[in-house]
Structures are given as C-alpha cells and as structure tokens.
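Report on the structure given below.
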Amino acid sequence: MQTRKEIAPESETGLSGPTIALDPGDTLANAIRRRLADQILNREFDSETRLDEQEMARRFGVSRTPVREALKQLESAGLVEIRPRRGAVVVQVDSEKLGYSFEATAELEAIAAGWAAMRAKLDERKALLQLVEEGEKAMRSEDSDWFSSVNRRFHALLSDMARNPSLADAISLVRVQTAPFQRAQFRHPEQIRKTQAEHERIANAVFRQDGESARRFMKEHILRASLTVLEAAAPRTPNDQ
C-alpha cells in the first residue's frame, strides 16, 4: 500500500506552493531538501547561485523555518555553503568526500542488515517484504517519487530492526551527508529496477535470518548506488553541454 502522503503547504502561510510528498513521520524540511537537491543535481542552479531563504519560502508556500533547516542539511551534504552576508550558495560537490560518506554508509547499513536478520521479529520481517511488494508496484507504475519513498522507508525499517540505538544514531549521521543524493539513483527506470531487485534480495535474506548474506547484499547495494550518485554529481565537461 502506498503510505506516503502529499500536502500543499499553503495552509502554513496562505501562499500557494508546489505539492510536497511526505513519508510517515517526515518533515517539511526533509521534503524541501529533497526537492532542492534534485534541482541542484539536475543543474537547474548554476554553481555560485544564491538560494535566498525568503524567496525559497515564498516558492514552497511555507515559513522560513523549514527552508532554513533544509539549507543546513544541504550544507552538511556539500551541495551548498552558507556564507556570511550571502546566505546559501550552490557549490561544486566534493566527490572524494562524498565517496567517503557512502563508504561509511555501506559499512554501517551492512551491519544493520546483518543484525536485523538475527534480531527482528517475524512481523517486522513480514513488513520488510511488504515494502518490497510496494516497491514493485511503484517500479511498475514508473513513479520515481513513490519508489524513492519506499526506498527511504526500507532502509529506515532495517535500521530499526537492528535493535541498536547507537548504530541507528551513526547511520542517521551519515545519512545527513548522503540523503540529498538518494533520488539521483532513480532518474531512469533501469536504475529503479536494479534497486528493486537488490531490495528483494536483501529482504529475503533478512526474512530467512541469513545475517551473513544480508550484510553482504546490503554493502554491495550501497556501493553500487554510490557509483550512480557520484556520476550524477560529477562536474560537467564542455562535451556534456
């Protein structure tokens, strides 16, 4: 079942803004950060473009508070710099730093998947399989926003299933650095199909309580995805224009 919801946040300010999809427990700041990250990675903003807080708030039909938080998240990911007297400015992605972040994410999420296989209750493992089924529906409908929502919930559930708050905190920390790049994986149907197949393989390993396979499959999954993201974030050459 599709459990994300869409809201038009004009109720907060009385202004009309674009519809924003929210996951259960999600925030406006996260949703705005995802939208801006997509636009930056799609080169809709040139390097050194200033993202004015008030203008962004007007555009999304929200107060400045979620916009400010979204820009802070983008700064943590290296997509913008918040500079004195200029505010948030789009910058070139440091591919080396981003690669290190994904490397750490792969190791931590692999541990979580392995522990989830051994520690999760049966109803949680069934819930993971249900998310895989939802991902299949999103893939067949070619709805990248829906599939992105399933992807976020799939990884969040595995983190919870590992039953280790310290590990969950560590994963949350690296996700701040990598989350803005996640949707770059889903620009093409073939990328969604690959991710869906990998999710199914991970979920099946977790369901049968095969911790070693779950760990290995998750690490391979994150590292494969990181290559797609790094390619999307790479600076354009004159031949790409």
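Relative contact order for the range 71-178: what percent, with Cα pairs under 8 Å and sequence separation of 6 or more?
Rounded, it is 35 percent for the range 71-178.
Which label marks the calculated value of mean projected area of the Cα convex hull in nm², given the options (i) 13.4; (ii) 11.6; (iii) 14.8?
Checked against the structure: label (i).
Identify, among HIS188, SER149, LEU167, the residue whose Cα sits farthest towards the positive end of the charge dipole of the chain, taking +1 on the Cβ of Lys and Arg and -1 on the Cβ of Asp and Glu, with the dipole about the Cα centre.
Positive-end residue among those listed: LEU167.
Let me know the charge dipole size of the chain about its Cα centre in debye, to the nearest 20, where only the beta-carbon of Lys, Arg (+1) and Asp, Glu (-1) is charged.
It comes to approximately 260 debye.
Quick one: angle between helix 95-119 and the longest Cα principal axis of the chain, in degrees between 0 and 90, rounded to 10, please.
Roughly 30 degrees, rounded to the nearest 10.
Sort the range 95-233 into rounded, prolate or oblate with this rule: let a ≥ b ≥ c be the square roots of the eigenvalues of the Cα gyration tensor; rounded if a/c is under 1.5, and if a/c is not under 1.5, prolate when a/b is larger than b/c, oblate otherwise.
oblate
Could you please report the charge total around VAL91, scoring K, R as +1 and D, E as -1 over all other residues with beta-carbon less than 10 angstrom from its beta-carbon?
After counting each charged neighbour, the total is -3.
To test your reading of the geometry: what angle, between 0 and 90 degrees and rounded to tens, separates the Cα axis of helix 28-41 from the longest principal axis of the chain?
Between the helix axis and the principal axis of the chain, the angle is about 80 degrees.
Compute the helix-to-body angle for 211-233: its Cα long axis versus the longest principal axis of the chain, expressed 0 to 90° and rounded to tens.
Approximately 20 degrees, to the nearest ten.
How high is the relative contact order of the chain? Use alpha-carbon pairs under 8 Å, at least six apart in sequence, and give a whole percent.
23
What's the exposure ranking of LEU71, LEU28, LEU223, going from fewest to most Cβ atoms within 10 Å?
Fewest to most other Cβ atoms nearby, the residues stand as LEU223, LEU28, LEU71.
Of ALA120, THR27, SER101, which is farthest on the positive side of the dipole of the chain, counting Cα position, with +1 on Lys and Arg Cβ, -1 on Asp and Glu Cβ, and the Cα centre as origin?
ALA120
Build a GNM of the chain with springs between Cα atoms under 10 Å: which of ASP38, ASP210, ASP26 gets the top mean-square fluctuation?
In this elastic network of the chain, the residue with the biggest mean-square fluctuation among ASP38, ASP210, ASP26 is ASP26.
How many angstrom separate the Cα center of the range 27-72 from the Cα center of the range 169-211?
Taking the Cα centre of each part, the range 27-72 and the range 169-211 sit 24 Å apart.
If you take the square roots of the eigenvalues of the alpha-carbon gyration tensor of the range 124-205 and sort them as a ≥ b ≥ c, do you get rounded (a/c under 1.5), prolate (a/b over b/c) or oblate?
oblate
The numbers here are math on the coordinates, done by the rules we state, and not lab data. Everything numeric in this text was worked out from a predicted model, so none of it was measured. Cβ atoms come from the backbone with ideal geometry, glycine included; neighbour counts cover every protein chain shown.
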